[in-house]
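All remarks here apply to the structure that follows.
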Amino acid sequence: DVKVTQSSRYLVKRTGEKVFLECVQDMDHENMFWYRQDPGLGLRLIYFSYDVKMKEKGDIPEGYSVSREKKERFSLILESASTNQTSMYLCASILTSGYNEQFFGPGTRLTVL
Amino acid sequence: GQQVMQIPQYQHVQEGEDFTTYCNSSTTLSNIQWYKQRPGGHPVFLIQLVKSGEVKKQKRLTFQFGEAKKNSSLHITATQTTDVGTYFCAGPGAGAGSYQLTFGKGTKLSVIP
C-alpha cells in the first residue's frame, strides 16, 4: 500500500514564525503536491514538484516556499506565518502510470495565532 | 485558467434516497477523476473516466463522463450513512505532463438516518 505521511496532524504557531510542514511518501513517486483546503474553497494547489530539486508554482504560491532534496520528501515552508494561513494542508503524491491517481496524506491542521 | 465547477455545494438526503453531484469544466478534459473525503479524513481516489460518454459503476455508485468530455456526474443509489462525506471531481491541469489536477469545490453529502 502507498503511504503518504505528514509530520503533524495538528500544529499551532504564532504570527511571524517560520513553519515547516513535512511530507514523506514511500512508493518512489516522482510527483508530489501541496494543497490547502478551506471550507467552501475546496482544494487549492500551492506548489508541486516533479523531481528532486524541481518545483513549480501552483495556484496560490504567495507566502509559501517548498523544498525537495530527496525524492521521498517534500517540505512546505511558511517563511513568516500569518493568520490567513490558518488552514488544513494536504500533501499528495502521484503514481504516474495507470490511473495517475493522487494519494493524499492525512493532512496537517495549522492554526496561526 | 481552467475551472472545474461542481454543484450542489451541499446535499442533505434521507437514508435510502438517491444522490447526484454534477461537475462541469470550462474546457474539454482528457479525463476526469472522482475522490471521496470522509469527515476528518483525506481525499481518496474513487475512479477515473477517460472516454466520451463513459459510464462506470461501483456497487451503488454510477459515474458518467459527458459526450463532449466537459461534464461528469456521480450518482449514488439508495444512500447509506457510510456514504457521508465530500465528493470531489478533478480534471487534469493545464500543464502538459505535470500531473496537476484542478479540483472542483466538492459536494458535501449528509445522510439522515
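The values are calculated or read from the model by the stated rules, or taken from the named source; none is laboratory data. These numbers were taken from a predicted model, which means no experiment stands behind them. Neighbour counts are summed over all protein chains in view; Cβ atoms, including those assigned to glycine, are modelled from backbone coordinates with ideal geometry. Please note that ligands, DNA and RNA were not included when accessible areas were found on the heavy atoms of the full protein model with its side chains. Shrake-Rupley method; radii C 1.70, N 1.55, O 1.52, S 1.80 Å.
Considering region A:33-56 alone, what residues qualify as being open to solvent by 50 Å² or more (accessible area, probe 1.4 Å), charged (D, E, K, R) and more than 15 Å from B:TYR99 (Cβ to Cβ)?
Kept after step one, since they are open to solvent by 50 Å² or more (accessible area, probe 1.4 Å), are these residues of region A:33-56: A:39, A:41, A:44, A:50-51, A:53-56.
Filter again for charged (D, E, K, R), leaving A:44, A:51, A:53, A:55-56.
Across region A:33-56, the qualifying residues are A:ARG44, A:LYS53.
Count, please, the residues in region B:50-60 that happen to be more than 10 Å from every other protein chain (Cβ to nearest Cβ) and touching a Ser or Thr at 6+ places or on another chain (Cβ under 8 Å).
The first filter runs over region B:50-60 and keeps only residues more than 10 Å from every other protein chain (Cβ to nearest Cβ), leaving B:51-60.
With touching a Ser or Thr at 6+ places or on another chain (Cβ under 8 Å) added as a condition, the list becomes B:55-56, B:60.
Residues flagged as more than 10 Å from every other protein chain (Cβ to nearest Cβ) and touching a Ser or Thr at 6+ places or on another chain (Cβ under 8 Å) within region B:50-60 amount to 3.
Restricting to region A:41-67, name every residue that is over 11 Å from the mean Cα position of the chain (by Cα) and away from chain B (no Cβ under 14 Å).
Selection gives A:VAL52, A:LYS53, A:GLU62, A:GLY63.
Residues to consider are B:TYR35, B:TYR87, B:TYR22; find the one that is open to solvent by 20 Å² or more (accessible area, probe 1.4 Å) and either within 26 Å of A:MET88 (Cβ to Cβ) or of a type in the set (Phe, Trp, Tyr) (or both).
Values: B:TYR35 fails: open to solvent by 20 Å² or more (accessible area, probe 1.4 Å); B:TYR87 fails: open to solvent by 20 Å² or more (accessible area, probe 1.4 Å).
Being open to solvent by 20 Å² or more (accessible area, probe 1.4 Å) and either within 26 Å of A:MET88 (Cβ to Cβ) or of a type in the set (Phe, Trp, Tyr) (or both) holds for just one of B:TYR35, B:TYR87, B:TYR22, which is B:TYR22.
Considering each residue of region A:5-42, count those that are in contact with a Lys or Arg (Cβ under 8 Å, 6 or more places away or on another chain) and within 12 Å of A:MET88 (Cα to Cα), and give that number.
9
Within region A:81-112, track down each residue that is within 14 Å of chain B (Cβ to nearest Cβ), open to solvent by less than 50 Å² (accessible area, probe 1.4 Å), assigned to a loop (DSSP other than H, G, I, E, B) and not polar (S, T, N, Q).
Within region A:81-112, A:GLU101, A:GLY105, A:PRO106, A:GLY107 meet the criteria.
Being under 12 Å from the mean Cα position of the chain (by Cα) and either open to solvent by 30 Å² or more (accessible area, probe 1.4 Å) or of a type in the set (Val, Ile, Thr) (or both) is the filter here; which residues of region A:68-80 pass it?
Of all residues in region A:68-80, those under 12 Å from the mean Cα position of the chain (by Cα) come to A:68, A:73-78.
The answer is A:ARG73, A:ILE77.
Find all pairs meeting these conditions: Cβ atoms under 8 angstrom apart; at least six residues apart or on different chains; first residue within region A:10-21 and among the polar types (S, T, N, Q); second residue open to solvent by less than 40 Å² (accessible area, probe 1.4 Å).
A:THR15/A:ALA81; A:THR15/A:SER82; A:THR15/A:VAL112
Report, ordered by the first and then the second residue, all pairs with beta carbons closer than 6 Å, sequence separation of six or more or different chains, a first member in region B:5-31 that is among the hydrophobic types (A, V, I, L, M, F, W, C), and a second member that is not in a strand (DSSP E or B).
The qualifying pairs are B:VAL13/B:THR79; B:PHE19/B:THR79; B:CYS23/B:GLY104; B:LEU29/B:LYS69.
If I filter region B:40-52 for residues that are under 25 Å from A:PRO39 (Cβ atoms), touching a Cys at 6+ places or on another chain (Cβ under 7 Å) and crowded, with 16+ Cβ neighbours inside 10 Å, do I get at least one hit?
no
Does at least one position in region A:31-48 carry a residue that is modelled with pLDDT under 95 and over 26 Å from B:TYR87 (Cβ atoms)?
Within region A:31-48, not a single residue is modelled with pLDDT under 95 and over 26 Å from B:TYR87 (Cβ atoms).
Take A:VAL19 and tell me if it is more than 18 Å from B:HIS42 (Cβ to Cβ), in contact with a strand residue (DSSP E or B) (Cβ under 6 Å, 6 or more places away or on another chain) and not charged (D, E, K, R).
Numbers: more than 18 Å from B:HIS42 (Cβ to Cβ): yes; in contact with a strand residue (DSSP E or B) (Cβ under 6 Å, 6 or more places away or on another chain): yes; not charged (D, E, K, R): yes.
In short, yes.
On the basis of being within 14 Å of chain A (Cβ to nearest Cβ), in contact with an Asp or Glu (Cβ under 6 Å, 6 or more places away or on another chain), in a strand (DSSP E or B) and at negative phi, does B:PHE63 make the cut?
Working: within 14 Å of chain A (Cβ to nearest Cβ): yes; in contact with an Asp or Glu (Cβ under 6 Å, 6 or more places away or on another chain): no; in a strand (DSSP E or B): yes; at negative phi: yes.
In short, no.
Please count how many residues of region B:66-103 are hydrophobic (A, V, I, L, M, F, W, C), in a loop (DSSP other than H, G, I, E, B) and in contact with a strand residue (DSSP E or B) (Cβ under 7 Å, 6 or more places away or on another chain). First the steps, then the outcome.
Here is the first cut: in region B:66-103, the ones hydrophobic (A, V, I, L, M, F, W, C) are B:68, B:74, B:76, B:78, B:84, B:88-90, B:94, B:96, B:101, B:103.
Checking which are in a loop (DSSP other than H, G, I, E, B) leaves us with B:68, B:78, B:84, B:94, B:96.
Now drop any that are not in contact with a strand residue (DSSP E or B) (Cβ under 7 Å, 6 or more places away or on another chain), which leaves B:84.
Number satisfying all stated conditions: 1.
Mind listing whichever residues of region A:1-16 are in a strand (DSSP E or B) and closer than 19 Å to B:GLY41 by Cβ?
To start, the set of residues in region A:1-16 that are in a strand (DSSP E or B) comprises A:4-6, A:10-13.
Once the filter is applied, which keeps residues that are in a strand (DSSP E or B) and closer than 19 Å to B:GLY41 by Cβ, region A:1-16 yields A:VAL4, A:THR5, A:GLN6, A:TYR10, A:LEU11.
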